[in-house]
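Novice: First the structure, then my questions, so here it is.
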Amino acid sequence: MGNLSVLSVGGGDITLKFDKSNPAEVIRAKRIIKDMLRRGYALLIEVKEGEFQRAVNFDENVGEYIIADYDPEEITEPVVKLKENDDEQEEEETAAIEPKARTRKANQKRIKMENANAVAVARSAGG
Amino acid sequence: MQSQEVLEDNYSSTRQIMRALGIKAEEWCGLPVPIADEKLIVEPSHPASSVYAKIGREDPPEDKTIINTWYSYRHRSDIVIYRDKEGKLRWGLVPGIHSLRAAFSTMGCSIAWTVEEEERALLKLSTLIPDHLFKMYLLSGMFIETSKRSGLTYIFRKLRPTVALTTDKTGEVKILCALCLHPIGYYEGTWAGSMCPTDDVIAHLLMMRADEHFYWKRANQIRAHRPEAGL
């Protein structure tokens with residue numbers, strides 16, 4: 001049985017369980033997942049133990065998360081463009097420091113919601 | 001062990017009301033708890049963000065228009081160019097947040113959370129990281145993990161931004177920046193988010209593991225020398 005835990009205020013970590021023997025619960029779960037994606041939640045699906053991928057979409061008809069299945073890649077040195085001059089103007093928050101841009105060639109992979117453990121994280125306000 | 005009554009405070013009714021409102025409004029992640037004298041910044045696309053903007057500390061009315069702002073290493077402050085109400089261009093220094101003040105405010109924000117929700121978050125975190133790292137987190141409030149994708153090392157910290165580190169060819173470790181991210185909202189001028197501290201740490205960890213590029217895009221990247229980085 002799959003589940004979706006939602007990081008939330010107040011109640012702490014709340015969990016929705018998907019039991020396919022209960023059609024009403026499955027319909028409700030599908031509606032919640034679709035609504036979360038519409039509201040900009042990051043749905044992080046556990047693809048292997050401890051390994052997660054972000055769902056880019058959800059197929060409501062078949063109840064499957066659609067994740068980007070990236071090609072395996074080697075560790076590469078990150079691109080660092082820190083500015084060192086005094087009084088230099090900082091750039092906007094799309095800063096110049098980032099892990100090296102990957103060639104984001106991705107196939108789509110589907111994971112049934114009943115088989116997946118997922119964590120939902122609400123949109124970020126920054127900080 | 002203290003009883004539930006002892007652990008409750010004056011804010012328990014506010015938290016309960018916000019929890020009930022969150023369920024009623026079908027806000028799956030709940031509604032942040034407003035705190036008197038703290039400005040709660042809620043993610044702008046949240047339906048209640050404009051309501052939250054009117055609650056808490058009031059900023060004095062602006063009688064100047066900001067033209068440009070940048071950070072000065074020499075002055076350790078932001079330099080601001082602004083136009084005053086007479087239309088004259090002026091400049092001034094705005095010092096960064098003071099770590100001590102931010103620490104005091106962060107302590108005050110703990111009334112927004114409950115011990116129970118932090119306990120649940122700790123249980124969740126214990127299933128996500130190895131035992132020795134969980135012990136490290138319990139005892140020091142931080143743990144370390146290296147990304148399999150980029151090779152960058154991250155120090156995930158309770159109530160402080162995550163530190164991103166890299167190692168150059170000579171083996172020297174460098175701080176890239178501190179990554180600040182709070183799901184739904186945060187209290188301005190503090191390191192506190194609307195969720196309990198360990199839920200914020202879980203959000204950082206899982207976003208890094210699931211989609212590092214997305215994590216960097218969503219987080220505010222704070223340079224290590226700035227006080228907001230908490231270093």
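All of the numbers you see were taken from the coordinates with simple rules; none came from a lab. Not measured: the values here are computed from a predicted model. Virtual Cβ from ideal backbone geometry, glycine too; neighbours counted across all protein chains shown.
Novice: Loop only per DSSP, at most 11 neighbouring Cβ atoms within 10 Å: give me the trypsin sites (Lys or Arg not before Pro) in the range B:135-171, ordered by residue number.
Specialist: B:K169
Novice: Can you give me the long-range amide H partners of A:S5? Hydrogens built in the peptide plane at 1.01 Å from N, cutoff under 5 Å, separation of 5 or more residues or another chain.
Specialist: Excluding prolines and chain starts, which carry no amide H, the hits are A:L16, A:A118, A:V119, A:A120.
Novice: If you don't mind, there's one more thing I want to ask. What is the P(r) of the range B:102-231, as percent of Cα-Cα pairs per 5 Å bin from 0?
Specialist: Percent of Cα pairs in each bin: 2, 11, 20, 24, 21, 14, 5, 2, 1, 0.
Novice: How large is ³J(HN,Hα), in whole Hz, for each residue of the range B:28-41 in order, when computed from phi with the Karplus curve 6.51 cos²θ - 1.76 cosθ + 1.60 and θ = phi - 60°, using x for Gly and Pro?
Specialist: Ordered by residue, 3J(HN,Hα) equals 4, 9, x, 10, x, 8, x, 10, 4, 6, 10, 8, 8, 9 Hz.
Novice: Once amide H atoms are placed 1.01 Å from N in the peptide plane, what residues at a sequence separation of 5 or more from B:V33, or on another chain, have their amide H within under 5 Å of its amide H?
Specialist: none
Novice: Another one. For chain B, what relative contact order do you get, as a whole percent, if you take Cα pairs closer than 8 Å and at least 6 residues apart?
Specialist: Values: 332 pairs, mean separation 39.5, N = 231.
Over chain B, the number comes to 17 percent.
Novice: Over all directions, what mean area does the Cα convex hull of the range B:21-167 project, stated in square nanometres? Please report the intermediate quantities before stating the final value.
Specialist: Working: hull surface 54.0 nm².
Average projection, Cα convex hull of the range B:21-167: 13.5 nm².
Novice: Go ahead and estimate [θ] at 222 nm for chain B from helices alone: -39,500 (n - 2.57) per DSSP H run with n ≥ 4, summed, over the residue count, rounded to 500. If you can, show how the numbers build up before the last one.
Specialist: Values: 8 runs with 77 residues, N = 231.
Theoretical 222 nm ellipticity from helices: -9500 deg cm²/dmol.
Novice: Each residue of the range B:124-135 in order: what ³J(HN,Hα) in whole Hz does its phi give by Karplus 6.51 cos²θ - 1.76 cosθ + 1.60, θ = phi - 60°, with x for Gly and Pro?
Specialist: 5, 4, 5, 8, 9, 10, x, 4, 5, 6, 5, 4
Novice: To continue, here is another question. Restricting attention to the range B:81-125, which trypsin sites (Lys or Arg not before Pro) occupy a DSSP loop and are surrounded by at most 14 other Cβ atoms within 10 Å? Write out the running numbers ahead of the final one.
Specialist: Numbers: sites: B:R83, B:K85, B:K88, B:R90, B:R101, B:R120, B:K124; in loops: B:K85, B:K88.
Those satisfying the criteria are B:K85, B:K88.
Novice: Are there chymotrypsin sites (Phe, Trp or Tyr not before Pro) in the range B:17-108 that DSSP marks as loop and that have at most 15 other Cβ atoms within 10 Å, and which are they?
Specialist: B:Y73
Novice: What ³J(HN,Hα) values, in whole Hz, does the Karplus curve 6.51 cos²θ - 1.76 cosθ + 1.60 give for the range B:71-76 when θ = phi - 60°, with x put for Gly and Pro?
Specialist: Whole-Hz 3J(HN,Hα) from phi for the range B:71-76: 8, 9, 5, 5, 8, 6.
Novice: Using only the alpha carbons, work out the radius of gyration and Dmax of the range B:111-175 in angstrom.
Specialist: 14.2, 46
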